[in-house]
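The values are calculated or read from the model by the stated rules, or taken from the named source; none is laboratory data. Everything numeric here is computed off the predicted structure, so don't read it as measured data. Virtual Cβ from ideal backbone geometry, glycine too; neighbours counted across all protein chains shown. Protein only, heavy atoms only, side chains kept; ligands, DNA and RNA dropped before computing areas. Shrake-Rupley method; radii C 1.70, N 1.55, O 1.52, S 1.80 Å.
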Amino acid sequence: MNLLDISLFTLVNAGVGTPTWRIHLAAMVSNFLPAAMVLVLSVLALVQPERRRVLWIALLSLLAAWALVSLIRYWMPMPRPAALDLGTQWLPQGLRSGFPSMHATGSFAVAVALVLDRRDRWALLFTLAACIIAWSRVYLGLHFPFDVLAGAALGALVALAVRRLVASRRRAVREAPRALSRQAFFSRGKRASR
């Protein structure tokens, strides 16, 4: 934990005097916006079939991000602000590790998967949603700013890696019939020369 992280946390975290409606709005964003992102992407894939591939990439990125965050939290447990008696925690989280933020990692994995597919208004909207989710986690006292920044970077890297992996697999599948036909052609030529 560094002093800058703690200072930024105390600046963003909603204090005891914060109006209740703001806490409820931030909680709603934190709890429901991540699922809404996947739901909207699914509807987009139904309405615009060309988006189906990015839906699968986003879902694979989300799954990979979840697994990676779980491993990091297991091997490098870092306390949440409430465990250090800092700020006000508005939603229950228990004593689970907070680094990196699962919400930030997952939402940025989905958003970046969309950005890498095409830079349109949906990509901008999803990126904005991911930023709001990350902010809400600090505002509600659940994470330090570095937790959500690390989660955002990790989510982006996971989406990039998944996209590259899917692209290399697609290339291999496209090239396989050509490679097989060349192999069959050359093996026939060897038999004929014998």
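Table for the structure above
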item	result
Residues satisfying the stated conditions in region 57-71, i.e. without any contact (Cβ under 8 Å) to a residue 60 or more places away in the chain and of a type outside the set (G, A, S)	L59, L62, L63, W66, L71
Residue pairs meeting the criteria (Cβ under 7 Å; at least 6 apart or on separate chains; first within 13 Å of Y139 (Cβ to Cβ), in region 13-34; second of a type in the set (S, T, Y) and modelled with pLDDT under 90)	N13/T88; A14/T88; G15/T88
Options S61, S70; residue that is under 22 Å from P145 (Cβ atoms) and hydroxyl-bearing (S, T, Y)	S70
Residues that are among the β-branched types (V, I, T) and out of contact with any Lys or Arg (no Cβ under 8 Å at 6 or more places or on another chain), drawn from region 118-150	T127, I132, I133, V138
Output for region 1-53, where each listed residue is over 20 Å from S101 (Cβ atoms) and touching a Lys or Arg at 6+ places or on another chain (Cβ under 7 Å)	L44, A45
Every pair of residues 6+ apart whose Cβ atoms lie under 8 Å, when the first sits in region 111-128 and is within 11 Å of V54 (Cα to Cα) while the second is outside any helix (DSSP H, G or I) and open to solvent by less than 40 Å² (accessible area, probe 1.4 Å)	none
